[in-house]
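The structure appears below as structure tokens.
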Amino acid sequence: MAEQNASDGLTRREFINWFWVGWATFGVASGAIATLFGRFLFPNVLFEAPSMFRAGKPDEYSVGVDERFKDTQKVWIVKNADNTMYVLSTVCTHLGCTPNWLSSEKKFKCPCHGSGFRPTGQNFEGPAPRPLERYAVFLDTMGMIKIDKSKTIRDPLKWNDPDYLLKV
Ligand code: FES
């Protein structure tokens, strides 16, 4: 039986082929639209570490600069002999590199352009224009050190502010 009749236009086979091509095209187009729509549902978001974190109990710290949270939280925790503690940012105030703590020289030294900072965070050499920033620190109800990196001070005149100098 002949499938094509000149007056019919398409053969049955051609019709079925075009039918599937149509569905395939529709599927691809729908997928593309769904993908684009999905980009609106899940926009680019920067996932950052929470700004507040617990840092253990004060008696877990010795006097001096503690580097246990340098890599994960980008802070140094400093304990003084008078049982006060403060938290320094590890971001150099020149152009943002990460200084190294040199315990033998009792200073932070930035490897990028040579800025030096005292254990207080005070800048004293190199191009850094100001001290390292300090973060807010307090004890929570369980006696754990809690650091709030959303609150910072730059002004050394505020270093004794109780929000930034923890008495333990
Ligand atoms: Fe630290 Fe330049 S970034 S001295």
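The values are calculated or read from the model by the stated rules, or taken from the named source; none is laboratory data. Worth saying up front: this structure is predicted, and the values here are computed from it rather than measured. All Cβ positions, glycine included, derive from the backbone under ideal geometry; neighbour counts span all protein chains shown. We work out accessible area using only protein heavy atoms, side chains counted, and drop any ligands, DNA or RNA first. Shrake-Rupley method; radii C 1.70, N 1.55, O 1.52, S 1.80 Å.
Taking only protein heavy atoms and a 1.4 Å probe, the accessible area of the chain is 59% carbon and sulfur.
Over the residues of the chain, the helix contribution to mean residue ellipticity at 222 nm works out to -7000 deg cm²/dmol, using -39500 (n - 2.57) for each DSSP H run of at least 4. On a per residue basis, the chain carries 66 Å² of accessible surface, using protein heavy atoms and a 1.4 Å probe. Normalised Debye scattering of the chain at q = 0.11, 0.12, 0.18 Å⁻¹ gives log10 I(q)/I(0) of -0.57, -0.64, -1.08, counting only Cα atoms as equal scatterers and leaving out solvent. Charges were assigned to the Cβ only: +1 to each Lys and Arg, -1 to each Asp and Glu. The resulting dipole of the chain about its Cα centre is roughly 500 debye.
Taking K and R as +1 and D and E as -1, what net charge do the other residues with C-beta under 11 Å from the C-beta of Tyr135 add up to? Charge balance near Tyr135 sits at +2. Per-residue extension of 0.36 nm, minus the Cα-Cα distance of Ser104 and Ser150, leaves a gain of 13.4 nm for this segment. Annotation: extensible slack from Glu60 through Leu157 equals 32.1 nm (criterion: 0.36 nm per residue apart, minus Cα-Cα distance). Extent of segment 95-166 along its three principal axes (Cα atoms, max minus min coordinate, largest first): 42, 24, 19 Å.
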